[in-house]
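Asks: Quick one: this structure, given as structure tokens, is what I'll be asking you about.
The values are calculated or read from the model by the stated rules, or taken from the named source; none is laboratory data. The shown structure was predicted, so the numbers you read here are calculated from the model rather than taken from an experiment. Ideal geometry is used to build each Cβ from the backbone, glycine not excepted, and the neighbour counts take in all protein chains shown.
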Amino acid sequence: MAAASLVLLVALDLARPYAGPGLRPWQWSAGLLAVAVLAGALRARDGGLREHWPVLVLAALLVPTYVDHTRRIEIGDPVHYYSSLRSMLFDADLRLANDYELLGWAGHEGENAQPIGAPLLWSPFVLLVHLGREAARPFGLPAPNGTEAIYAATVSLATFVYGAAGLFVLMAALRRFASPAAALWTTVLCWVGSPLRFYLSVMPAMAHGIEFAAAALTLWTYLRLREASEPARVVRAAAACGVAVGLAFLARSQDGLLLILPGLELALRVKRPADRRAMARAIAAFGGAFAVTALPQVLAWQAMFGRPFLVPHERLHGAAFMSLSHPRLLDALVDARGGLFVTHPLMLAAVAGLVLLLRRDPRYVLGAAPVLLAMWYVNASVFDWYHVRRYTGVVPLLAPGLAVLLAPLARAAVPMILIAFLALRYDLAVDGLRPLPGVAVPVRSALARVADDLAAGSYRTLEPFAPGAAVRLLAAYTGEPLLDGDATHVDLAGAAALLRLPEPARHLSEPTVEDGEAARWVTDRNARLALPIDAPGGVVLRLRARALETPDPQSMEVLWNGVSVGRRPMVPAWSEYRFDVPPEAMRRGTNVVELQFERAPIYHRVRGQGPREVRPAALGRLTLNRSP
């Protein structure tokens, strides 16, 4: 049953790019079936479900990501990562020019300085799918070239598998520091409150999910090394540490700094005279295992750059890539453009927890601290220090601190669910407000976005059943009720809540000044507003607007919930345009107002300056009156 469930999960996932979202119900069913099968297996083990319930809960929480994770290889770093795997599989070389052309990013192969670890660890999954794809050729499928959707889906699924495995490994490691409940919730928070969430669900065709898994494995093997006392077990544990750190190094070469953690543990043991010979064997096993595991990266650097050891990105950016003498230490933690603690506040809580853990387990904290400090220093020294994803490899090392901090609350499910939910919403809010790395997202803005998202979600949930209550709830949140009296004035150039709630307005510019008045430009041939209204009867809509100068006359048509309520000729001067909305066009709840313009002039062509985009008209104010 377990094997059949696994095959079903994989088959549905690989079919998703072809079948589309219509496959979601089947994937949900398959995911829940897999959780049920896991429950049966855990029930049969010693201790039953009472002992192993955190494993079941974590598996269930992973189902939504399994269903809806991205299955594409985006232009950018994902192409850098996948191109080497595609080249080795189809061309048996690392000459990447044709791979970049096939993947839609021709000419950028010289910018590829990404580590080889992710492609290597994806390769078993991709090879199996490739063999299946080749086996299907006699049945009419053409020869594959590695750009088919199934290959991208396989890469994404592989990252999900490694990342999920890393979460289970981390949870097992955290059992050494805290209760099963605390280990579970810490693992969940390290997932949804760190860069890992994004790189498992939104952009899995990168190395960070694998990096996290390798770092979690490093923590787990380090703890086994600490617990080992017999010489043979110490040697085996040291070798396992070497493999784990080697995998982390393959995923991101900077993560070779993780060598410090088990290295310090072995160094402490060498000080004991009776252990020196056994420790010498353990150190040799540790170093040898790391060297063998890391060897593919060394060979890849030699093949691609002519040198076995280097800082790859310095080949692209030169000496400006890293300035060890001028690190942005404070910015790397608290700057709104990408500081770790501003972007992922739970990591600050984890650091505070490590301070508490210092009294109970100084051996771990003093071993992890040099790694954390070195990673911080290196990340702060890079010219684009605001890429917070570079901290993914230290999240498992911070996790024991978070576990200690959460231990008093861990058995209270409701508070922990609330904390996890808010951490997820905060992470999503930061992503939504940061279209590109380095864009500043102050904590206040992120918290406001969280509040808006919660208000919008509550409104959407309530509206189908009680539209009046939904409208009043939203008005209570925004303080901007529509038609609470006989008339409502909305400044479209300001920060009116209806531009955000219950749905974001579409195709409106940032506020500006046009012809002496504050305004927003329409940035397409149409604009859309969602107005939460609960008022009987019709309304009168007045728009203060100004058309852009055009050789031919401009006109504006207004559709209210899809019903045309009039078309008006416009002039290139501020004027008020009136539209009468009949009662039959009104709805209780969300009323969608769409403005459609006859002409779509390009602003820069008309005025010889400014943005090169469609801007048919500027909007200043919207007024709603109840119909007489």
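Asks: Which one of Y364, Y386 is over 18 Å from P115 (Cβ atoms), surrounded by 17 or more Cβ atoms within 10 Å (Cβ to Cβ) and at pLDDT below 95? If you could, list the steps in order and put the result at the bottom.
Replies: Numbers: Y364 fails: at pLDDT below 95.
Every option except Y386 fails the conditions.
Asks: Another question, then. What's the total number of residues in the stretch 183-238 that are in contact (Cβ under 8 Å) with a residue 60 or more places away in the chain and acidic (D, E)?
Replies: Looking only at that region, the number is 1.
Asks: Can you find, within the stretch 85-108, the residue that is modelled with the highest pLDDT among those that are surrounded by fewer than 22 Cβ atoms within 10 Å (Cβ to Cβ) and among the charged types (D, E, K, R)?
Replies: E101
Asks: While we're here: Does S564 satisfy being more than 28 Å from A456 (Cα to Cα), assigned to a strand (DSSP E or B) and not aromatic (F, W, Y)? It would help to see each step written out before you state the result.
Replies: On the way: more than 28 Å from A456 (Cα to Cα): no; assigned to a strand (DSSP E or B): yes; not aromatic (F, W, Y): yes.
No, not satisfied.
Asks: Given the structure, is G166 in contact with a helix residue (DSSP H, G or I) (Cβ under 9 Å, 6 or more places away or on another chain), buried (at least 22 other Cβ atoms within 10 Å of the Cβ) and either closer than 18 Å to M203 by Cα or at pLDDT below 95 (or both)? Give the steps one after another, and end with the answer.
Replies: Values: in contact with a helix residue (DSSP H, G or I) (Cβ under 9 Å, 6 or more places away or on another chain): yes; buried (at least 22 other Cβ atoms within 10 Å of the Cβ): yes; either closer than 18 Å to M203 by Cα or at pLDDT below 95 (or both): yes.
For G166, the condition - in contact with a helix residue (DSSP H, G or I) (Cβ under 9 Å, 6 or more places away or on another chain), buried (at least 22 other Cβ atoms within 10 Å of the Cβ) and either closer than 18 Å to M203 by Cα or at pLDDT below 95 (or both) - is met.
Asks: Filter the helices (runs of 4 or more DSSP H) completely within the stretch 325-402 down to those with at least 2 residues that are β-branched (V, I, T) and either more than 16 Å from the chain's Cα centre (by Cα) or under 19 Å from D255 (Cα atoms) (or both).
Replies: Working: elements: 331-334, 340-343, 345-360, 362-381.
Filter on the stretch 325-402 gives 345-360, 362-381.
Asks: Suppose we filter A518, A493, A475, A535 for residues that are part of a strand (DSSP E or B), out of contact with any Cys (no Cβ under 8 Å at 6 or more places or on another chain), in the same structural domain as R588 (by TED's automatic domain parsing) and not aromatic (F, W, Y); which single one remains?
Replies: Answer to the check: A518.
Asks: Looking at A106, A59, which one is among the small types (G, A, S) and under 30 Å from G40 (Cβ atoms)? I'd like the intermediate steps shown before the answer.
Replies: Values: A106 fails: under 30 Å from G40 (Cβ atoms).
Matching residue, one of A106, A59: A59.
Asks: D46: closer than 28 Å to M171 by Cα and at pLDDT 95 or above, yes or no?
Replies: On the way: closer than 28 Å to M171 by Cα: yes; at pLDDT 95 or above: no.
No; evaluated as a whole, the condition is false for this residue.
Asks: Among the residues of the stretch 455-486, how many are closer than 13 Å to R500 by Cα and in contact with a helix residue (DSSP H, G or I) (Cβ under 7 Å, 6 or more places away or on another chain)?
Replies: 6
Asks: Condition first: over 30 Å from A410 (Cα atoms) and not hydrophobic (A, V, I, L, M, F, W, C). Can you find one or more residues in the stretch 445-458 that meet it? Steps first, answer last, please.
Replies: Pass one, the stretch 445-458, residues over 30 Å from A410 (Cα atoms): none.
No, because not a single residue in the stretch 445-458 is over 30 Å from A410 (Cα atoms) and not hydrophobic (A, V, I, L, M, F, W, C).
Asks: For the stretch 572-611, which residues satisfy the criterion of being touching a Phe, Trp or Tyr at 6+ places or on another chain (Cβ under 7 Å) and either more than 13 Å from V522 (Cβ to Cβ) or at pLDDT 95 or above (or both)?
Replies: First pass over the stretch 572-611, keeping only residues touching a Phe, Trp or Tyr at 6+ places or on another chain (Cβ under 7 Å): 581, 585, 591, 593, 610-611.
Result: V581, A585, N591, V593, G610.
Asks: Ok, one more. Go over the candidates A573, A600 one by one and state the one that is surrounded by fewer than 19 Cβ atoms within 10 Å (Cβ to Cβ) and over 42 Å from the mean Cα position of the chain (by Cα).
Replies: Numbers: A600 fails: over 42 Å from the mean Cα position of the chain (by Cα).
Among A573, A600, only A573 is surrounded by fewer than 19 Cβ atoms within 10 Å (Cβ to Cβ) and over 42 Å from the mean Cα position of the chain (by Cα).
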